[in-house]
Amino acid sequence: MGREISGVVEMSGSDFLLELRSEEIPARMQAGARAELEKLFRREMDAAGVTTGAITVWSTPRRLALIARDLPQAIDAVSEELKGPPVGAPDQALDGFCRKAGVDKADLEIRDVKGRETYFAVKNVPGRAARDLLADAIPAIIRDFSWPKSMRWGAASISTESLRWVRPLSGIVALLGDGVVECEVHGVTSGAVTLGHRFHHSGDITVGNADDYAVKLRAAHVIVDHEERQDLIRQGAAKVATEAGLKLVEDEGLVIENAGLTEWPVPLLGRFEEDFLEVPPETIQLTARVNQKYFVCEDEAGKLANAFICTANIEAEDGGARVVDGNRKVLAARLSDARFFWDVDRKKTLAQHAKGLERITFHEKLGTVAEKVDRVAKLADWLVFDAKAPNGDHKLARQAAELSKADLVTEMVGEFPELQGLMGGYYAKAEGLPVEVSEAIRDHYKPVGASDEVPTAPTTVAVSLADKLDNLLSFFRIGILPTGSKDPFALRRAALGYLRLVQANELKLELDQVVHAWASQRVAGLPEKLGEFLLDRLAVQMRDEGVRHDYIQASRSWQGRPDMRVDRVESRARALTNFLGTEDGANLLAGYKRAANILKKEDWHGAESEIARTGEEDPLALVDDPDMKAVIDAKMSERHAKELSYTPEPAEKALMDALATAEPAAAKAIAAEDFSAAMAALAILRAPIDRFFDEVTVNAEEENKRAHRLDLLAAFRTAVHKVADFSRIEG
């Protein structure tokens, strides 16, 4: 269906101001509300065919404001034509077109389009004043506004049809130019009057137009621009900290939240009792941040200071002393709770706390957290003692794993779940456990995200690996895998953590051995399932580094089977990326594809076809198997000795000689897992294969020549496959 619009929108450059005033809008909802207001306004303007200039949206705790520049004063009549289905189309198609166009069948016109009669819907929209358009748009915007949580209020709230808003809507300012756009929503009538700061200004403020809105509110102690308030908080907090000889601990989330809580932000510094510094600093910072929205400071040595910075919403005559004192008392009560938790939790050892894990269910199909800890401890011990990945003390790894989740049942972590692991490390240190154990407990959740620090201490690495592997294997074994965007058990994050640990610590872990150690038996299909998932995550991770997914696909097999070592797949994919980025690599790939196409067309497997008798579906499935190499080589030699009854052409002989040199050199490099060297060995085949195709007729009339040359291409293909499966490379 096509669409044509005729008519002109007259632009006279008037600015439009809309303010929606209410009780306090939660700070966490303000960014979404700004986006929603702009989206709905644009929807209304687009539907009317109105093009606006720049749109600005602001928010404070008590208001949302939108300013749209260069709106027309009037909109000319518009004629809109929609091309529909041809005459004779099914009734369902015609009915659907009418519904979409908003017309009746009787109103449709029939026109000739390239010799075929076709339905058209013609809609004539009369001209109207922009003020009338906005008067209809404002109620629609308010009614359709989406909030994460909303409420009804007043007598009308008994009806489910009444207005829902984040807090009771109390005022609407709507001005086009210097004139009011008159409308009414839920008993609130639009006008030009707003209110200033709750404490610093009393009485109404009459707004003249969009340009004097922010100016008049600033005079009434309201800064409507949320970004300006954020800047004032950043700069003001840093300033008061510096004046006290301290350094602000920056926290952008707190900046945004405090800007959403104040209309006239004034950062103030206060002090709390030094005795509270006996509590772990992260506990103090989290208490101040989460419960009170305060910033904290560090001293010159980089240690947490007994200072906090609160953001007042007023300018007090006493410089904020009373405000600071009130906030200090509230913070002291919170810190007293934290100190109480700290003291109570240390009355038990971590081993005693760990017994409480028997009462916590990890998953209904996977048992308790205590059972999970047993699996993690066993695997951590194996990683260090048997796999040597990493090297370290397996007894320390087991001890750290056994205590790694003990802090989940402590009072402190019960209050602040964000501190799990971290508090376990502090409790282990206070208990006098080995440093390696306390650090492993503290850091075993790392790395959590792509930018998080990756542990390198052997005990920590073992526990972290074991924890992530247990999550992956446990859920994979019961058939719970991430689907689409849903990943309720954070298995993608666990996979990324595993990859980063392996990469940072240069570990060589065979997944089939890992699964056997974890389950105490072989679990059919589980290593392959885990390997596939990890390699999919690896492809996503490496995409940003310029490593193509098909290069990883080409590197996923090892000796004819799925490679169970992720590090080896990555190493081959990186080497392949570098090699194919060279002229030799690109040309060798082209030669390979040409050879592979000829062999496929001829259905020729060369000497490797003998392997088909083993029952393998893929005649090349075992070409990398060391046990089969001697068989293949013998078959090749036997065939060449028996069938090479002619003098090969120079280009043919050159390729034979190059293969005789490149294949053993590449094989030696592969055995040493030096894939860059293996691909460098293949590079000498580039010129001979190009020359071979230029000078030699593969499908010669003589059967012996044809067979030998096809065998030669098959040998070339096999040599390349031992380094990487070039058939999986796209393009």
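The values are calculated or read from the model by the stated rules, or taken from the named source; none is laboratory data. Just so it is clear, the model here is predicted, and its values are computed rather than measured. No Cβ is skipped: glycine too gets one built from the backbone with ideal geometry, and neighbour counts run over all protein chains shown. Heavy atoms of the whole protein, side chains included, go into the accessibility calculation; ligands, DNA and RNA do not. Shrake-Rupley method; radii C 1.70, N 1.55, O 1.52, S 1.80 Å.
What are the principal axis extents of the Cα atoms in the stretch 166-212, in Å, biggest first?
Largest to smallest, the principal-axis extents are 29, 27, 17 Å.
Simple spin-label model, 7 Å along Cα-to-Cβ: Ser202 to Ala490 in nm?
Those two pseudo-labels are separated by 5.3 nm.
What is the pair-distance distribution P(r) of the stretch 466-610, computed from all Cα-Cα distances in 5 Å bins starting at 0, with each bin given as a whole percent?
P(r) for the stretch 466-610, in whole percents per bin: 2, 8, 16, 18, 17, 14, 9, 7, 7, 2, 0.
For the stretch 165-220, what does the accessible surface come to per residue with a 1.4 Å probe? Please give it in Å². The partial results should precede the final answer.
Details: 2480 Å² over 56 residues.
Each residue of the stretch 165-220 exposes 44 Å² on average to a 1.4 Å probe.
So how do Glu257, Glu528 rank on accessible area, 1.4 Å probe, biggest first, that is with the largest at the start? Intermediate results must be reported in sequence, preceding the final value.
Numbers: Glu257 55, Glu528 90 Å².
Output order, biggest surface exposure first: Glu528, Glu257.
Using the Cα gyration tensor of the stretch 295-390, with a ≥ b ≥ c the square roots of its eigenvalues, what is the shape: rounded (a/c below 1.5), prolate (a/b larger than b/c) or oblate (neither)? Don't jump to the answer; show the numbers that get you there.
Values: a/c = 3.29, a/b = 2.40, b/c = 1.37.
Because a/c hits 1.5 or more and a/b exceeds b/c, the stretch 295-390 counts as prolate.
Relative contact order of the chain: what whole-number percent is it, with Cα pairs under 8 angstrom and at least 6 residues apart? Intermediate values should be presented prior to the final figure.
On the way: 1175 pairs, mean separation 51.1, N = 731.
Relative CO of the chain lands at 7 percent.
If you look at just the Cα atoms of the stretch 427-529, how large are its Rg and its Dmax in Å?
According to the Cα coordinates of the stretch 427-529, Rg and Dmax are 14.7, 46 Å.
Sort all Cα-Cα distances of the stretch 387-437 into consecutive 5 angstrom bins from zero, then give the percent of pairs in each bin up to the one containing the longest distance.
Cα pair-distance distribution for the stretch 387-437, in percent: 5, 21, 27, 20, 14, 8, 4, 1.
Roughly what % of Cα-Cα distances in the chain sit above 47 Å, to the whole percent? Write down the numbers at each step before the final one.
Working: 134530 of 266815 pairs.
Cα-Cα pairs in the chain separated by more than 47 Å: 50 percent.
To two decimal places, what compactness ratio does the stretch 413-453 give when its Cα radius of gyration is scaled by 2.2 N^0.38 Å? Walk me through the numbers before you get to the answer.
On the way: Rg = 10.9 Å, N = 41, 2.2 N^0.38 = 9.0 Å.
Its radius of gyration relative to the 2.2 N^0.38 Å reference: 1.21.
Lys347: which aspartates and glutamates have alpha carbons under 14 Å from its alpha carbon, excluding same-chain residues fewer than 8 sequence positions away?
List returned: Asp407, Glu411, Glu431.
Give me the tail of P(r) for the stretch 264-309 as a percent: Cα-Cα pairs with distance above 13 Å.
Working: 569 of 1035 pairs.
Beyond 13 Å sits 55 percent of the P(r) for the stretch 264-309.
Expressed as a whole number of Å, what is the distance separating the alpha-carbon centroids of the stretch 327-356 and the stretch 664-703?
Distance between centres, Cα-based: 69 Å.
Working only with C-alpha atoms, what are the Rg and Dmax values of the stretch 137-272, expressed in angstrom?
Taking only Cα atoms of the stretch 137-272, I get Rg and Dmax of 18.9, 58 Å.
Under the rule that an exposed site lies in a DSSP loop and has at most 13 other Cβ atoms within 10 Å, name the longest stretch of the chain with no chymotrypsin sites (Phe, Trp or Tyr not before Pro) of that kind, not counting the sites themselves.
Details: sites that count: Phe199, Tyr646.
After excluding every exposed loop site, the longest remaining stretch is 200-645.
Need one value: the accessible area of Arg398 in square angstrom, 1.4 angstrom probe, rounded to the nearest 10.
80 Å²
Quick one: order Glu358, Glu263 from most to least accessible surface, probe 1.4 Å. Walk me through the numbers on the way to the answer.
Values: Glu358 125, Glu263 5 Å².
So, going from the largest accessible area down, we get Glu358, Glu263.
Label point 7 Å out from Glu250 along Cα-to-Cβ: which residues of the stretch 223-240 have amide N under 16 Å?
Residues 230-240 qualify, since their backbone N sits under 16 Å from the label point.
Write down the Kirkwood hydrodynamic radius of the stretch 684-731, to one decimal in angstroms, obtained as one divided by the mean of 1/r over all alpha carbon pairs.
Values: mean 1/r = 0.0837 Å⁻¹.
Computed over Cα pairs of the stretch 684-731, the Kirkwood hydrodynamic radius comes out at 12.0 Å.
May I ask for the Rg/Rh ratio of the stretch 195-334, computed from Cα atoms with Rh as the Kirkwood radius, given to two decimals? Each step should come with its number before you reach the end.
Working: Rg = 16.5 Å, Rh = 16.0 Å.
That ratio equals 1.03.
Any idea how far apart Thr51 and Arg128 come out in nm if each label point goes 7 Å out from Cα toward Cβ?
With each label placed 7 Å out from Cα toward Cβ, I get 2.2 nm.
Would you mind working out the accessible area per residue for the stretch 349-478, using a 1.4 Å probe, and quoting it in Å²?
Here the per-residue accessible area is 42 Å².
Please give me the summed charge of the neighbours of Glu227: other residues whose Cβ is under 13 Å from its Cβ, Lys and Arg +1, Asp and Glu -1.
Working: positive: Arg34, Arg229, Arg234; negative: Asp225, Glu228, Asp231, Glu252.
Its environment carries a net charge of -1.
What number does the stretch 38-150 give for Rg over Rh if you use C-alpha atoms and the Kirkwood radius?
On the way: Rg = 19.2 Å, Rh = 17.1 Å.
Radius of gyration relative to Kirkwood radius: 1.12.
With labels modelled as points extended 7 Å from the Cα through the Cβ direction, what inter-label distance (nm, one decimal) is found for Glu673 paired with Lys239?
5.9 nm
Under the rule of -39500 (n - 2.57) per DSSP H run of 4 or more residues, summed and divided by the residues of the chain, what mean residue ellipticity at 222 nm is obtained, to the nearest 500 deg cm²/dmol?
Helices in the chain give a 222 nm mean residue ellipticity of -15500 deg cm²/dmol.
Taking a cut-off of 16 Å between Cα atoms, list the lysines near Lys405, but don't count ones fewer than 8 places away on the same chain.
Qualifying lysines at Cα under 16 Å: Lys348, Lys355, Lys372, Lys378, Lys429, Lys446, Lys468.
Could you check how much of the accessible area of the chain is carbon and sulfur, as a whole percent, using a 1.4 Å probe?
Taking all protein chains in place, the chain shows 49 percent carbon and sulfur surface.
Give the aspartates and glutamates reachable from Lys83 as a straight Cα distance under 19 Å; neighbours fewer than 8 places away on the same chain don't count.
Glu4, Asp91, Asp95, Asp104, Asp107, Glu109, Asp112, Glu117
What is the magnitude of the charge dipole of the stretch 382-506 about its Cα centre, with +1 placed on the Cβ of each Lys and Arg, -1 on the Cβ of each Asp and Glu, and no other charges, expressed in debye to the nearest 20? Mind dumping the intermediate values first?
Working: 13 positive and 17 negative charges, 97 e Å.
Value, rounded to 20: 460 debye.
Please say if the stretch 481-534 is rounded, prolate or oblate, where rounded means a/c under 1.5 for a ≥ b ≥ c the square roots of the C-alpha gyration tensor eigenvalues, and otherwise the choice is prolate for a/b larger than b/c and oblate otherwise?
Details: a/c = 2.34, a/b = 1.18, b/c = 1.99.
Because a/c hits 1.5 or more and a/b fails to exceed b/c, the stretch 481-534 counts as oblate.
Quick one: what do you get for the stretch 292-342 if you divide its Cα Rg by 2.2 N^0.38 Å?
Working: Rg = 12.8 Å, N = 51, 2.2 N^0.38 = 9.8 Å.
Cα Rg divided by the expected 2.2 N^0.38 Å: 1.31.
Mind listing the phi-derived Karplus ³J(HN,Hα) values for the stretch 56-69, rounded to whole Hz, using 6.51, -1.76 and 1.60 with θ = phi - 60°, and x for any glycine or proline?
Couplings: 10, 10, 10, 8, 9, x, 10, 7, 10, 9, 10, 10, 10, 8 Hz.
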